1. From B:Thr197, B:Thr219, B:Thr240, grab the single residue that is away from ligand 2 (no atom under 16 Å from the Cβ), more than 18 Å from the chain's Cα centre (by Cα) and either within 23 Å of B:Phe8 (Cβ to Cβ) or of a type outside the set (A, V, I, L, M, F, W, C) (or both).
2. Which of the residues spanning segment B:211-231 are closer than 30 Å to B:Ala23 by Cα and open to solvent by 30 Å² or more (accessible area, probe 1.4 Å)?
3. I need the full set of residues from segment B:44-57 which are open to solvent by 50 Å² or more (accessible area, probe 1.4 Å) and more than 13 Å from ligand 2 (Cβ to nearest atom), in order please.
4. Would you pick out the residues in segment B:202-238 that are under 30 Å from B:Ser12 (Cβ atoms), of a type outside the set (D, E, K, R) and in contact with a Lys or Arg (Cβ under 8 Å, 6 or more places away or on another chain)?
5. Restricting the first residue to segment B:19-40 and requiring it to be polar (S, T, N, Q), which pairs with a second residue that is more than 8 Å from ligand 1 (Cβ to nearest atom) meet a Cβ separation below 7 Å and a spacing of at least six or different chains?
6. Which of the following residues is small (Gly, Ala, Ser), surrounded by 22 or more Cβ atoms within 10 Å (Cβ to Cβ), modelled with pLDDT under 95 and closer than 22 Å to B:Leu6 by Cα: B:Ala76, B:Ala60, B:Ala145?
7. Filter segment B:1-18 for residues that are surrounded by 15 or more Cβ atoms within 10 Å (Cβ to Cβ) and within 16 Å of ligand 2 (Cβ to nearest atom) and give the result.
8. Name the residues in segment B:181-200 that are touching a residue at least 60 places away in the same chain (Cβ under 8 Å) and either open to solvent by 10 Å² or more (accessible area, probe 1.4 Å) or within 14 Å of chain A (Cβ to nearest Cβ) (or both), would you?
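The values are calculated or read from the model by the stated rules, or taken from the named source; none is laboratory data. Everything numeric here is computed off the predicted structure, so don't read it as measured data. Here Cβ is always computed from backbone atoms with ideal geometry, including for glycine, and neighbour counts include all displayed protein chains. Heavy atoms of the whole protein, side chains included, go into the accessibility calculation; ligands, DNA and RNA do not. Shrake-Rupley method; radii C 1.70, N 1.55, O 1.52, S 1.80 Å.
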Amino acid sequence: MTGNAASNAWSSHEGAAALAAPTSTEKRRAFDWRILLGFFLPIFIALLWEAAVTFGLAEGRLVPPPSRIIATLWGLAQTGELWTHAWMTLWRVLVGFVIGALSGIVLGALSGSSQTLRQLLDPTLQALRAIPSIAWVPLFILWLGIFEASKVALIAVGVFFPVYLGIAGAILSVDRKLVEVGHVFRLSRVQLARRILLPAVLPEAVIALRSGLGLGFMFVVAAEFMGASEGLGYLLVDGQQMGKPDQILAAIIAFALLGKTADSLLLAATKPLVRWQDTVRERL
Amino acid sequence: MGRFMLSFEHLSKTYADGTRALADINLTVHEGEIVALIGGSGCGKTTLLRLIAGLDRESAGRIRLDGEVLSGPHPAVGIVFQEPRLLPWLSVFDNIAFGLSGVSAAERKARVTHALEKIGLVEHADRWPRDLSGGQQQRVSIARAFVTNPKVLLLDEPFSALDAFTRASLHEHLLGLWEETRPTVVLVTHDVQEAVTLADRAVVMQPKPGRIFDELPLTLARPRDRTGLPFETSVRRVLTALDHSLKAPQEQPQRERDRQAAALWW
Ligand SMILES: Nc1ncnc2c1ncn2[C@@H]1O[C@H](COP(=O)(O)OP(=O)(O)O)[C@@H](O)[C@H]1O
Ligand SMILES: [Mg+2]
């Protein structure tokens, strides 16, 4: 937390302020063009493949060239199919995420803040975690039917565990030294939770929610494989059955964009809460 | 310096693993007095401060504050830890204001602003702790303890991680804040110069089990001239006592002889 600043501890405050300002803007400026560097490799490979197919060096039937994938994607967007499928997938992920994240937060908070509750809850939840979530699918279908409820349940289970583990772990690892500051100022249990524990766990909670969301997108594919008539997962299955690799790749790209957008939105929404953090992690 | 402010009666602390961190501590600290606790590591200095702050429970004996037996954190007791322990998600201003609940917004602002002026960090009020140097963070931590106007202020080697320049300037900031309300101060240090600069009395401690070896009054007039001969003499007296405490654990305290020597010297 002190970081490198300790070395110029005795310098005047004006000096420290003047030093701090330019470094942060410099960093930001230097950072911008390096982001573009990341686009280089995929674009280069795409162009290479495009050229190979165009000049007849490769046959593009099973691995269609980028132009065909883009055309398929464009076509799906034109007919409105893409939006229907994307919206369906997004809706399933969101409902599953909300249910899974909320129960993960509640149970994680309970298990993290009370030794007794942890001993009561944690062994059972850890045992359930050892079961691969996909293994629940047949049971969920029997219980909840083939339609939305079983799909959402699977996604919620996938989201639950990383959130539960992240929240409980974050509470257990709150710095005892900061909790003592709360004790010295005689905070009540509720005040302690609100003024010290909650802000202290926020950064790790955000990470837990992000990995939960990531798993939500993973499990929506599995859920849509088990008999769906709509959704990006359906496009995948349909593409396989109809022998349309360009549709499969278009759906994969749509998944990637949707997942990345959802993650970025989550990150942007939680950014103000963890602005104070002084770690490299915030650049991820 | 009239009334008793803070007193320890047969105070002992044995940790769960059997470590006797403190054994039968008896000491009285007067109102407005600055007492320096000196001793090598493991003497139980931190333990003693934690007991006063109510962060740990004594195994035997009691601590009285103005006659009242302490049990748990007390509103009139403030503490500055060895590390700044600022809350990283609060601005400098909000960190200083952390203990000021139940105070009107205007009063809060006035008090924090005044403290910021005292520690020379007014223009840093809105920054995050991470953007401050170690010395600046420790100043904020001292201000956080002072704004609640504690009657007893505990400082646990608050300057030990800082360089000599920063330490000297923090001594001034600390005395500046102390002058205003003159709280009783218990300062833990392993720096004899620091003790003689700040304290009215030095209490030398000994380890295994932690106990008081000797007490030396430091009666130099304030502000203290660190280059003068009286300062040097006091430093030497404390060093001698420390030497005895380290070399000859069985030896009887030289308290009386030292007192007489001091009286003669003055
Ligand atoms: N929580 C604890 N559990 C067990 N032993 C402890 C604990 N805290 C301190 N001690 C022991 O008590 C003794 C006094 O420690 P401390 O008060 O930190 O000394 P000082 O601050 O003078 O260096 C040491 O021997 C230390 O190892
Ligand atoms: Mg200590």
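1. Matching residue, one of B:Thr197, B:Thr219, B:Thr240: B:Thr240.
2. Those that are closer than 30 Å to B:Ala23 by Cα and open to solvent by 30 Å² or more (accessible area, probe 1.4 Å): B:Arg211, B:Ile212, B:Pro217, B:Thr219.
3. B:Arg57
4. B:Met205, B:Pro209, B:Gly210, B:Leu216, B:Pro217, B:Leu218
5. The qualifying pairs are B:Asn26/B:Phe8; B:Asn26/B:Glu9; B:Asn26/B:His10; B:Thr28/B:Phe4; B:Thr28/B:Ser7.
6. Going through B:Ala76, B:Ala60, B:Ala145 in turn, just one is small (Gly, Ala, Ser), surrounded by 22 or more Cβ atoms within 10 Å (Cβ to Cβ), modelled with pLDDT under 95 and closer than 22 Å to B:Leu6 by Cα: B:Ala145.
7. Within segment B:1-18, just B:Lys13 meets the criteria.
8. If the condition is that a residue be touching a residue at least 60 places away in the same chain (Cβ under 8 Å) and either open to solvent by 10 Å² or more (accessible area, probe 1.4 Å) or within 14 Å of chain A (Cβ to nearest Cβ) (or both), then B:Arg182, B:His190, B:Val192, B:Asp200 are the ones that fit.
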